[in-house]
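The values are calculated or read from the model by the stated rules, or taken from the named source; none is laboratory data. From a predicted model like this one, the values you see are computed outputs, not experimental measurements. Quick reminder, even Gly has a Cβ in these numbers, built from the backbone with ideal geometry, and neighbours come from all protein chains shown.
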Amino acid sequence: MNILVTGGMGYIGSHTCIQLIEAGHTPIIFDNLYNSNAKVLDRIQQVTGTAPQFVKGDIRDKDALVKAMTEHKVDSVIHFAGLKAVGESVEKPLEYYDNNVNGTLVLVDAMRASDVHSLVFSSSATVYGDPASVPITEDFPTSATNPYGRSKLMVEECLTDFQKANPDWSITLLRYFNPVGSHQSGLLGEDPNGIPNNLMPFISQVAVGRREALSVFGNDYNTPDGTGVRDYIHVLDLADGHLSALDKVGSTPGLHVYNLGTGNGSSVLDMVKAFEQASGKSVPYTIVERRAGDIAECWADPKKATKELEWTATRTLQDMTEDTWRWQSQNPNGYSDA
Ligand code: NAD
Ligand code: UFG
């Protein structure tokens, strides 16, 4: 299939393009490079032996999207493009609603104009807010506590209404838990700008000597060691989830909603220990105040995806930390080293 991959130059999108190419599909990457580096294209080619098609463009540009979908005879769209920093979304809500919500509406309008009726959307476990219990199933109530989360929720709601009005469309909402890890080649990985917001890139930058110590945001949660517990999932397992979704429900009219997680929770200190083992480096940390808006624990019940998509996360915490370390140690300054 020819698959338009918006945001395909980013962290999750680039790994998904590799898996798409290796499965025999043709990804057409559509990205404005706002949060990614053009060198990703070479890296995808080095891994797969295929240079992916790339269109530099913004998802808020309907004409550019229609042109890309028509010229490349696109069958389906996987939609990763968007802004994703929770803290920044509080400072810049308009930019978040414009890129994430308006951008998605323009994309769907362009799909309609191009007669492409199959969409897979990157949603997030953030739509569960502070869940009443764990593990989380897809029918849990949804809510939002910040503009980023609200933008994901709004898009889910818009797409749900749109699918109802257009029952021949296949729309899949994939709710990611915490994506970490890198391609096993060490050629692709997560390369955040500035100080990382997320745990894994922060830990790996400490291990490689770019930062002095990790701040652990609170050790007084009601969890086994007091630190926050999350469902970390290898980015290649997540990428595979998109292929399974396309394969199993991408041509089936309907609204399809799945958690993509492992079903296992790990604490911040579990992650520090696992990373130290994988890298042989020490990761010094200090305990600081809780981060505003954080929840104690969050992990998925992934059974619906296992049953209906025949997908399950197979990579271990050791794979996640070893692969991250390979990427970080071979590219201490990310793609700017390339
Ligand atoms: P990323 O920032 O690495 O990738 C996003 C890509 O989209 C970047 O290449 C960026 O240049 C591009 N982009 C942004 N705005 C655009 C626009 N208006 N037009 C065209 N391209 C644009 O992020 P990621 O971690 O790969 O996340 C991908 C998607 O998954 C996002 O929608 C994110 O909200 C969602 N998600 C991510 C996580 C996570 O922890 N990484 C968790 C849940 C959901
Ligand atoms: N943490 C630290 N120190 C850090 C960074 C994180 O102790 O420097 C802790 C957090 O308090 C939390 C855990 O590590 O307990 C994971 O934090 P992340 O920021 O890596 O991930 P979150 O679960 O907070 O957020 C992620 C995504 C969001 C998404 C959310 C819910 O980054 O985009 O999951 O799906 F909204």
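Assorted remarks:
- So Ala38, is it farther than 23 Å from Asp161 by Cα, surrounded by fewer than 23 Cβ atoms within 10 Å (Cβ to Cβ), at pLDDT 95 or above and within 11 Å of ligand 1 (Cβ to nearest atom): yes
- Every residue from the stretch 25-58 that is of a type in the set (D, E, K, R) and more than 16 Å from Pro192 (Cα to Cα): Asp31, Asp42, Arg43, Lys56, Asp58
- Criterion applied to Gly189, Gly181 was being in contact with a His (Cβ under 6 Å, 6 or more places away or on another chain) and either among the basic types (Lys, Arg) or within 16 Å of ligand 1 (Cβ to nearest atom) (or both), and the one residue passing it is Gly181.
- Residue ID - surrounded by the fewest Cβ atoms within 10 Å (Cβ to Cβ), chosen from residues in the stretch 189-203 that are assigned to a loop (DSSP other than H, G, I, E, B) and of a type outside the set (S, T, N, Q): Gly194
- Given (1) closer than 27 Å to Leu20 by Cα; (2) within 8 Å of ligand 2 (Cβ to nearest atom); (3) of a type in the set (Gly, Ala, Ser), index of the condition Ser182 fails: (2)
- Within the stretch 236-291, the residues that satisfy the criterion of being over 30 Å from His79 (Cβ atoms), surrounded by fewer than 20 Cβ atoms within 10 Å (Cβ to Cβ) and of a type in the set (Ser, Thr, Tyr) are Ser282, Tyr285, Thr286.
- The set of residues in the stretch 275-295 that are over 21 Å from the mean Cα position of the chain (by Cα) and either at pLDDT below 95 or assigned to a loop (DSSP other than H, G, I, E, B) (or both) comprises Gly280, Lys281, Ser282, Val283, Pro284, Glu289, Arg290, Arg291, Ala292.
- Condition check for Ser76: small (Gly, Ala, Ser), farther than 29 Å from Asp168 by Cβ, at pLDDT 95 or above and away from ligand 2 (no atom under 15 Å from the Cβ): no
- Residue match in the stretch 166-173 (condition: within 14 Å of ligand 1 (Cβ to nearest atom), of a type in the set (A, V, I, L, M, F, W, C) and either touching an Asp or Glu at 6+ places or on another chain (Cβ under 6 Å) or modelled with pLDDT of 95 or more (or both)): yes
- Filter result for the condition that a residue is within 13 Å of ligand 2 (Cβ to nearest atom), more than 21 Å from Gln53 (Cβ to Cβ) and in contact with a Cys (Cβ under 8 Å, 6 or more places away or on another chain), over Tyr96, Tyr148, Tyr128: Tyr128
- When the helices (runs of 4 or more DSSP H) confined to the stretch 48-102 are screened for residues that are within 10 Å of ligand 1 (Cβ to nearest atom) and not hydroxyl-bearing (Ser, Thr, Tyr), those reaching at least 2 such residues are found at 62-71.
- Where a residue in the stretch 178-201 is among the acidic types (Asp, Glu) and its partner, wherever it lies, is within 13 Å of ligand 2 (Cβ to nearest atom), with Cβ under 6 Å and at least six apart: Glu190/Tyr11; Glu190/Pro201
- Across the stretch 192-207, the number of residues qualifying as modelled with pLDDT of 95 or more and either more than 9 Å from ligand 2 (Cβ to nearest atom) or more than 20 Å from Pro332 (Cα to Cα) (or both) comes to 4.
- Ser204 touching a Phe, Trp or Tyr at 6+ places or on another chain (Cβ under 7 Å), of a type in the set (Ser, Thr, Tyr), within 17 Å of Gly7 (Cβ to Cβ) and within 16 Å of ligand 1 (Cβ to nearest atom): no
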